[in-house]
Amino acid sequence: MRLIENWFSERYSDNVQLSFRVRDQLLSVKTDYQRIDLFDTYDFGKLLAIDGTVQLTEYDEYIYHEMITMMPFFHSVRKPETALIIGGGDGGAARSLLGLGVRDIVNVEIDSQVVEISKKYFPELAASFSDRRCRLIIGDGIDYVRKSEQKFDLIIIDSTDPEGPAVSLFSREFYEMCAGRLSESGIVVAQSGSPFYQRETFRMAYDGMVHAFPHVKVYTAFIPTYPSGFWSFTMGSNSAMNPVKDMVRGKYFNQEIAEGAFKLPQFMLDDVSTLKGK
Ligand code: AG3
């Protein structure tokens, strides 16, 4: 008989949190950059948390990873062949891009521990790093973008929330640097937080993108394990982004989502129009 119940909770505000009942805590390490915890949860399988915030769970990671890769992939006039991933040390974004046929991926992750943990606990995701089409660099994404001379068809900013090491990934300056590293019809996409609980995060990302790019699009997805379950992504490009005709279906992503995900609630549209006009 189990008398004790163990729970992992992510705090959304002083008064709201989401809790996952866990069988076990598999790991807790403090790295040079952040704290990483891993839990075996009852309903979502393994759950990886960084500084107390859910990064991915075994059972719903596909939603985030499909949405951050397939949406820009299918909005590019030319079929993307090269991609840069900033963050993404679990390998999930890379895996999805490999599945779409991207032939040259550079993945720059700052914390080698994220990669090591993923190799051990999420081997299906981390397998991307043993694919010869994917080059993993442990280092600072901003430095890489600043120094790189390569151009990419896609830049995927798969970062943590803008606290700690990820803050500058949400800045105008960084998006401007990314703009300079895109090929002609290239697209950059960033996870831009929960429009409900992290309104400032969304505003920061959107503000930065409209300053750096003539074309910006915001879309949302239902991600049950992230704050409020309602998540935003922001894409920017130097050229117009339009959906292509033939899209591959994922487990979440499909043609309907590729249209409907751009329909935004009024409170987001209000932010968008205020920031656009600035
Ligand atoms: N990175 C974005 C996670 C942001 C979640 N925020 C939160 N739970 N407060 C996901 C990494 C997956 N490759």
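Per-residue SASA remark: Leu3, around 140 Å² accessible (1.4 Å probe; ligands, DNA and RNA not included).
Each Lys and Arg contributes +1 and each Asp and Glu -1, all at the Cβ; summed about the Cα centre of the chain, the dipole is approximately 580 debye.
Summary value for the stretch 127-278: 20 percent relative contact order, contacts being C-alpha pairs under 8 angstrom separated by 6+ residues. Between Glu5 and Val77, the modelled label-to-label distance comes to 5.6 nm, taking each label 7 Å out from Cα in the direction of the beta carbon.
Checking the Cα-Cα distances for Lys79/Lys120; Lys217/Lys276; Lys217/Lys263; Lys147/Lys278 against a 22 Å cut-off, the pairs over it are Lys79/Lys120; Lys147/Lys278.
Work through the residues other than Ile137 whose Cβ is under 13 Å from its Cβ and net out their charges, Lys, Arg +1 and Asp, Glu -1.
Neighbourhood net charge equals -2.
The distance from the alpha carbon centre of the stretch 138-156 to that of the stretch 5-23 is 35 Å, rounded to a whole number. A P(r) calculated from all alpha carbon pairs of the stretch 22-106, with 10 Å bins opening at zero, reads 16, 41, 28, 14, 1 percent.
Treating each Cα of the stretch 190-278 as one equal point scatterer and applying the Debye formula with no solvent, the log10 of I(q)/I(0) at q = 0.14, 0.22 Å⁻¹ comes out as -0.50, -1.16.
Along its three principal directions, the equivalent ellipsoid of the chain from the Cα gyration tensor extends over semi-axes of 28, 22, 18 Å, largest first.
Annotation: extensible slack from Asp24 through Asp143 equals 39.1 nm (criterion: 0.36 nm per residue apart, minus Cα-Cα distance). Over the stretch 219-270, accessible surface divided per residue gives 51 Å², non-protein components excluded, 1.4 Å probe.
With a Förster radius of 45 Å applied to the C-beta separation of Arg199 and Arg132, the computed FRET efficiency comes to 0.60.
Other residues whose C-beta falls under 12 angstrom from the C-beta of Asp90 contribute a net charge of -3, scoring Lys and Arg +1 and Asp and Glu -1. Counting only Cβ charges, +1 for Lys and Arg and -1 for Asp and Glu, the dipole size of the stretch 6-57 around its Cα centre is about 80 debye. The loop-placed GluC sites (Glu not before Pro) in the stretch 26-100, going by DSSP, that have at most 16 neighbouring Cβ atoms within 10 Å of their Cβ come out as Glu81. DSSP beta bridges fully contained in the chain are about 65 percent antiparallel.
Using DSSP to call loops (not H, G, I, E or B), can you name the chymotrypsin sites (Phe, Trp or Tyr not before Pro) in the stretch 32-75 whose Cβ has at most 14 other Cβ atoms within 10 angstrom? If you can, show how the numbers build up before the last one.
Numbers: sites: Tyr33, Phe39, Tyr42, Phe44, Tyr59, Tyr62, Tyr64, Phe73, Phe74; in loops: Tyr33, Tyr42, Phe44, Tyr59, Phe74.
Those that pass, being in a loop and sparsely packed, are Tyr42.
Computed with every protein chain present, the accessible area of Tyr197 is close to 80 Å² [probe 1.4 Å]. Across the stretch 27-101, the relative contact order, built from alpha-carbon pairs under 8 Å that are at least six residues apart, equals 18 percent.
Does the stretch 6-57 come out rounded, prolate or oblate, given a ≥ b ≥ c as the square roots of the eigenvalues of its C-alpha gyration tensor, rounded meaning a/c under 1.5 and, failing that, prolate meaning a/b above b/c?
Numbers: a/c = 1.99, a/b = 1.08, b/c = 1.85.
Because a/c hits 1.5 or more and a/b fails to exceed b/c, the stretch 6-57 counts as oblate.
Hey, got a sec? Which trypsin sites (Lys or Arg not before Pro) in the stretch 1-79 land in a DSSP loop and have at most 14 other Cβ atoms within 10 Å?
Details: sites: Arg2, Arg11, Arg21, Arg23, Lys30, Arg35, Lys46, Arg78; in loops: Arg2, Arg78.
Those that pass, being in a loop and sparsely packed, are Arg2, Arg78.
Here the stretch 106-185 is assigned +1 on the Cβ of each Lys and Arg and -1 on the Cβ of each Asp and Glu. Its dipole about the Cα centre then comes out at about 320 debye.
Within the accessible area of the chain, what % is carbon and sulfur when the probe is 1.4 Å and the other protein chains stay in place? Walk me through the intermediate numbers first.
Values: 6180 of 12810 Å².
Of the solvent-accessible surface of the chain, carbon and sulfur hold 48 percent.
The values are calculated or read from the model by the stated rules, or taken from the named source; none is laboratory data. Quantities reported herein were computed from a predicted structural model and do not represent experimental measurements. Cβ atoms come from the backbone with ideal geometry, glycine included; neighbour counts cover every protein chain shown. Surface areas here come from the heavy atoms of the whole protein model, side chains and all, with no ligands, DNA or RNA. Shrake-Rupley method; radii C 1.70, N 1.55, O 1.52, S 1.80 Å.
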